[in-house]
1. For an R0 of 30 angstrom, estimate the FRET efficiency from the Cβ-Cβ distance between ALA211 and GLN330 and round to the nearest 0.05.
2. So what are the ³J(HN,Hα) numbers for segment 337-350, from phi and the Karplus equation (6.51, -1.76, 1.60; θ = phi - 60°), rounded to whole Hz, Gly and Pro as x?
3. Going by amide H atoms built from the backbone, whose H comes under 5 Å of the H on ALA132, apart from near neighbours?
4. Contour minus end-to-end for ALA150 and ARG218, with contour as 0.36 nm per residue of separation and end-to-end as the Cα-Cα distance?
5. What residues qualify as long-range amide H neighbours of GLU123, i.e. H under 5 Å apart, gap of 5 or more or another chain, H built at 1.01 Å from N?
6. Show which lysines lie in cross-link reach of LYS244 when reach means a straight Cα distance below 29 angstrom and same-chain residues fewer than eight apart are skipped.
7. Which ³J(HN,Hα) values, rounded to whole Hz and listed in residue order, are derived for segment 144-151 from phi using the Karplus coefficients 6.51, -1.76 and 1.60 in 6.51 cos²θ - 1.76 cosθ + 1.60 with θ = phi - 60°, glycine and proline given as x?
8. Which lysines have a Cα lying under 19 Å from the Cα of LYS206, excluding residues fewer than 8 positions away in the same chain?
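Rule-based calculations on the coordinates, nothing more; no lab input. Given the structure is predicted, the values throughout are model-derived calculations rather than measurements. Glycine gets a Cβ as well: all are built from the backbone with ideal geometry, and neighbour counts include every protein chain shown.
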Amino acid sequence: MLADLERTSGNHDRTLLRVLVMRLSNQAAFRGNSIIRIQHRIKNMISFASSSLVPKVSRAARRIAPGVALVFAVPAFSAQPIQQPPGAIGISADDSITPLASPAEPNAIALATGGVAGSTAPESWFRQYGTAFTRNVSVATVTPFLPDPAKATGAAVIVAPGGGGIFLSAEAEGWKVAQALANRGIAAFVLKYRTRPTPAGALEFKAAMDAMFANAGRRDSRLKPDAAAARVSDAMVDASAAFKLIRDHAHEWHVDPQRVGMIGFSAGAMVTMTTFLGMPATKPAFIGPIYGSMEPVTVPADAPPMFAVLAADDPLFARKGLGLIDSWQQAGRPVEFHLYEHGGHGFGLGKKGTTTTGWFDAFVLWLDTNGFLAPRR
């Protein structure tokens, strides 16, 4: 099989191809997939790479543990420029990756926080499994999703999508979440924070991504917010700028500057935690790490209320202890934690067929019972 695929690949790097073959073969061994399925997937990768398309790979295709997909939300997204995020469709049956023209994003507000050191490739968008992603983000923006002023509660939430720091799940963990919040009278702001540069080639990008996540699920693989917060990242600077922008425009956007919080998904949860820990001037009213690191942190005496979500079968962060929750409890600060039996990682607003579909309603109820949704005066 490998020799046949190497011939198909032409001048593509055969070392990278062998890595893909080994990784997919190992995955098949755990899942019982047929060798035909493996061949089909690798040939699709080669065909995609050979077509000189912009390299695109999403977390939806990546699997950290057997049978666990990292992204489940599946809104539609046109391959043509669009004016606003579209609605949901069913998930694609294959692994095909589609390059997308950059959306118009007419409501996006540049944060003027600078570029990315070493970045040479332009920002590029792609779709896989029916949802949109972007990578090589070098200009940070905030996109407001504002409720009807007559229904505005005064609360505001910065929404930070995940993506391992090298791409952003802009649609499933950004636009869809923000729109759901706006529908409940909560002003939402999708933070498109700067990401680390990624390789230009499709196979190189895929190999780099696989290497980054290869050991992420190991018990001794830990992402510690305290340590990360000590090194101010581009994303932290972007989040801080977003807090300032929202408070500066609080009257215009019908927002109470004392009720601006932040939630983040996966890597976005880390951005949320490190921004709060490392940039205390942001003073979030509340925080919500959604399927993020559960490592313990040093909790300040004035730490905000926290709402946290994780699936018990999360391949990245489950079964590593719940130090984050313990830290909040030991500090005597308000915390609510939802551990769902199933859901994996990257379920966005919830994975169909699991109780993770209830986390968003629980979050809104939590905001309400804590007084964050009191009508504006």
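1. Efficiency, from the Cβ-Cβ distance: 0.25.
2. Result, rounded to whole Hz: 10, 10, 10, 8, 4, 10, x, x, 10, x, 8, x, 6, x.
3. GLU171, ALA172
4. So the extension gain works out to 19.6 nm.
5. Under 5 Å from the amide H of GLU123 lie the amide H atoms of SER138, each far enough along the sequence or on another chain.
6. Cα-Cα hits under 29 Å: LYS151, LYS176, LYS192, LYS224, LYS283.
7. Couplings: x, 10, 9, x, 4, x, 5, 10 Hz.
8. LYS43, LYS56
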